[in-house]
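The values are calculated or read from the model by the stated rules, or taken from the named source; none is laboratory data. Computed from a prediction, not measured in an experiment: that's the story for all the values here. So basically every Cβ, Gly included, is an ideal-geometry build from the backbone, and we count neighbours across all protein chains shown. Heads up: the accessible areas ignore ligands, DNA and RNA and are worked out on the full protein's heavy atoms, side chains in. Shrake-Rupley method; radii C 1.70, N 1.55, O 1.52, S 1.80 Å.
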Amino acid sequence: MNLQVQNVNPGFGSVAPLKNVAECLSVAQQIIHRPAGVDGLGLFYGRSGYGKSKASTYVQNKLNAVYLEVFDYWTRKTFIESLLEELNVDKPKGTIASMMKMALRLLQDDPNRLIIIDEADKLIDKNMIELVRDIYKGARVPILLVGEERLPEKLAAYERCENRVTAYGMANSSDLSDAQALARIYHRNLKIEDDLLLHVIDKTKGVASRIVTTLAAIAEFAKTRQISAISLSQYEGTYFTGQAPRRGR
């Protein structure tokens with residue numbers, strides 16, 4: 001599936017066919033446009049740094065989805081309050097049960113509106129994932145759970161939730177086309193040759209966040225030398241590998 005994902009970085013207004021963004025959007029569309037009788041939970045998961053949150057934020061904006069990012073300190077009440085706030089309820093109050101009923105009524109008014117829950121692993125770790133099943137059962141809205149690599153494995157312990165999952169998408173490491181797209185977005189006035197981009201991918205293990213940081217270092221290196229194109233043989237700067245620097249002997 002080839003999707004041209006536009007305006008990933010609105011400041012540059014560029015077109016970025018990033019594969020993980022397209023994969024996340026594909027899962028979202030599958031559960032939104034599912035056939036009658038098919039459940040509407042989707043999973044988008046992968047290693048840290050692969051751009052899952054940025055991809056899901058793009059999908060939120062593209063599809064006008066409800067977006068929740070779960071934090072460690074959240075309780076059941078915090079979760080429901082945050083959901084209601086995303087549904088434009090000002091300062092929600094009441095018991096968990098009463099607020100849940102209010103959320104379900106609001107969601108039922110727009111049953112095709114997607115809910116994205118980022119860091120969904122934390123709901124499982126806190127034994128709160130059944131809240132998601134309650135929302136799905138009560139409103140029948142599509143819900144996309146976004147999380148780390150072990151998200152499907154963790155969800156398997158909750159069979160009643162796992163059985164509702166009908167679409168899966170896995171975020172993968174960036175390849176050359178992704179690195180080229182990122183270079184075009186963030187450094188459109190600098191030509192970064194493919195041999196250097198391939199070396200960046202190797203050094204960063206394809207982690208998108210590290211690639212973006214390394215590209216910034218390359219751009220600064222090129223700027224100080226007043227050059228508009230740079231190859232592997234020319235670059236003598238830093239690669240962000242995720243490893244802390246160590247003192248030499």
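For residue 26, the solvent-accessible surface computed with a 1.4 Å probe is close to 20 Å², ligands and nucleic acids excluded.
Other residues lying with their Cβ under 9 Å from the Cβ of residue 69 contribute a combined charge of -2, Lys and Arg counting +1, Asp and Glu -1. Taking only the Cα atoms of the stretch 78-186, the ratio Rg/Rh comes out at 1.06, with Rh defined as the Kirkwood radius. Treating the Cα atoms of the stretch 144-249 as identical point scatterers in vacuum, please give the log10 of the normalised Debye intensity I(q)/I(0) at q = 0.10, 0.12, 0.17, 0.19 Å⁻¹, two decimals. Log10 I(q)/I(0), no solvent term: -0.42, -0.54, -0.79, -0.90.
A quarter of the convex hull surface defined by the alpha-carbon atoms of the chain gives 16.5 nm² as the mean projection.
Entry note, the chain: relative contact order of 24 percent, from Cα contacts under 8 Å with a spacing of 6+ residues. Considering only 57, 242, 46, the residue lying farthest towards the positive end of the dipole of the chain is 242, judged by Cα position with unit charges set on Cβ. Each other residue within a Cβ distance under 10 Å of residue 92 adds +1 if Lys or Arg and -1 if Asp or Glu, for a net charge of 0.
In the chain, the DSSP-assigned H stretches of four residues or longer account for a calculated mean residue ellipticity at 222 nm of -13500 deg cm²/dmol, using -39500 (n - 2.57) per stretch and the full residue count as denominator. Taking a straight line from the alpha carbon of residue 77, these aspartates and glutamates sit under 20 Å away, with near neighbours fewer than eight places off in the same chain left out: 69, 85, 86, 90, 118, 119, 121, 125, 130, 134.
About the centre of its Cα atoms, the chain shows a dipole size close to 320 debye [charges on the beta carbon of Lys, Arg (+1) and Asp, Glu (-1) only; nearest 20 debye]. Here the accessible area of the chain is 47 percent carbon and sulfur, with a 1.4 angstrom probe and all protein chains present. Positive contributions from Lys and Arg (+1) and negative ones from Asp and Glu (-1), summed over other residues with Cβ under 11 Å from the Cβ of residue 138, come out at +4.
The charge dipole of the stretch 148-249, taken about its Cα centre with unit charges on the Cβ atoms of Lys, Arg (+1), Asp and Glu (-1) only, comes to about 460 debye. The residues of the chain expose on average 53 square angstrom of accessible surface per residue, using a 1.4 Å probe on protein heavy atoms.
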